[in-house]
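The block underneath contains the structure these notes are about, expressed in structure tokens.
The values are calculated or read from the model by the stated rules, or taken from the named source; none is laboratory data. Owing to the predicted nature of the structure, the values given are computational and were not obtained by experimental measurement. Cβ sites come from the backbone with ideal geometry, for glycine too, and all protein chains shown count toward neighbours. Remember, those area values only see protein heavy atoms, side chains included, never the ligands or the DNA or RNA. Shrake-Rupley method; radii C 1.70, N 1.55, O 1.52, S 1.80 Å.
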Amino acid sequence: MPTPASDLVTLGHRIRHFRGERALTLDQLGEQVGLAASQLSLIENGRREPKLSTLQQLAQALGVPLAELLSGEAPNIRAALEIELARAQKNPLYGALGLPQVKVTRGMPLPAIESLVGLHRELARRASEAIATPEEARRANTELRERMRERGNYMPDIEKLAEERVRASGHVSGALTHREVSVMAEQLGFTLLYVNDLPNSTRSVTDLANHRIYLPPASIPGGHGLRSMALQAMGHRLLGHERPASYAEFLWQRLEINYFAACCLMPLDATRSFLQTAKRERVLSVEDLRDAFGVTHEAAALRLTNLATEHLDMTVHFLRVSGDGALQKGYENDGLPLPADVTGSIEGQLVCKQWSARSAFTHTNRTTEFYQYTDTPAGTFWCATQTGTTADGEFSISVGAPFAQAKWFRGRETTQRAVSRCPDESCCRRPSGAVAARWAGQAWPSARLHAHVLSPLPSGTFPGVDDTEVYNFLESHADQ
């Protein structure tokens, strides 16, 4: 099997290194192994692959084991830099610039090689950063949603891992406590610390050198969100995450740690038993699941989608919609026709005004879930919707199912019903002929600018994270 070109370069450097240690010229070593100096030079420059018999002769002549000669590591720092530079100059990214390749000579100073390698690293970093455009992010998010639909939004390996870690913390029943989360961190070799000066671009920071996880202080007594943030930080370590090489990988890692945190806060055995009992009694409810495990309404709603298909034999959908009607998150495997653009992306698309995800904003009593049946071109769906408010404005959380499966949920007896013809624009996006005729040319609305449209995805080791802030933060806390 041919040896990869990159391995040949490393092999050549190792042969040259050991030859130099033995103070042998190309002619002297070539004479011992039956090769001309020119042939040996081609091998040392990674341009020719030696036969196994030649390698054995070289190892014997150089007085090193064959395995050591074939090691994939560069023999020294300079060689490592030379190899990295050679690979970088062969990269299409550099080739596209139309610049000549720099040949490293024996007399070239080490700082010069370091500078060239540093420039190539920065070129690669900027190219990688440029890939993370909004279009790339939307494409990656669409692929991720389709991938999870195929799985029924269920990840058994993470379920098993979370169940093991929760059990090891001593948790028996009920809501997972802050103390049990701290025990889980300690078992992983980390200490949870709460500080007021976390970088603005982070939710938590993990200090791998000193085994600390920094979290913000609780804004309200109990601080339930801190359990989730701590579990997400631990999830990175337990799931063996490395620095993401693409935006798609970043999103996948974020999904996995969120899933892990949800599995810990709502463990599989207990949650499955709770939901199966509720289904038998026909009182399935996100509100009850939320209250039973002390989590947010959104977390409980998403957890229901994790287990519904695999353990309840149901198809469902989930929506998070902002106050202006834009879809922020969505999942469905029940056929609900989610609005999508030409690429298949659903984020930012306007949800039909007739759906409960939007009509719930006009509901008088918003302390409890709002129930509604909606007739759509794809069939009739039942939804339970809860609204809320953050600093960014109103939002709604909806969980629903096809009409035939509404019988398992509390709220199925609602008489609230609506008809949606979307994506037909006459449903809710185009005014009636009479209204349009009256106001055409007589109205001049001043549109609100969505600032995020003008903002590129932030740079950094991880999308959205300011590396400088993080490193300065860790430096200031390192000796505490």
Q | Of residues in segment 216-225 being within 13 Å of V181 (Cβ to Cβ) and in contact with a Gly (Cβ under 9 Å, 6 or more places away or on another chain), the one modelled with the highest pLDDT | A | A218
Q.
surrounded by 17 or more Cβ atoms within 10 Å (Cβ to Cβ) and without any contact (Cβ under 8 Å) to a residue 40 or more places away in the chain: is that true of R412 in this structure?
A. no
Q) Restricting segment 235-251 to residues that are closer than 19 Å to H211 by Cβ and without any contact (Cβ under 8 Å) to a residue 60 or more places away in the chain, which is surrounded by the fewest Cβ atoms within 10 Å (Cβ to Cβ)? A) G240
Q) Consider T206 against the criteria (1) in a strand (DSSP E or B); (2) in contact with a Ser or Thr (Cβ under 8 Å, 6 or more places away or on another chain): it satisfies all of them except one. Which criterion is unmet? A) (2)
(Q) Can you confirm whether L29 is within 13 Å of L58 (Cβ to Cβ) and surrounded by fewer than 20 Cβ atoms within 10 Å (Cβ to Cβ)? (A) no
Q.
Filter segment 360-375 down to the residues that are hydroxyl-bearing (S, T, Y) and modelled with pLDDT under 95 and list them by number.
A. T362, T364, T367, T368
Q.
Residues that are of a type in the set (D, E), open to solvent by 20 Å² or more (accessible area, probe 1.4 Å) and in contact (Cβ under 8 Å) with a residue 12 or more places away in the chain: list the helices (runs of 4 or more DSSP H) wholly contained in segment 252-365 that include at least 1 such residues.
A. 268-280, 286-293, 297-312
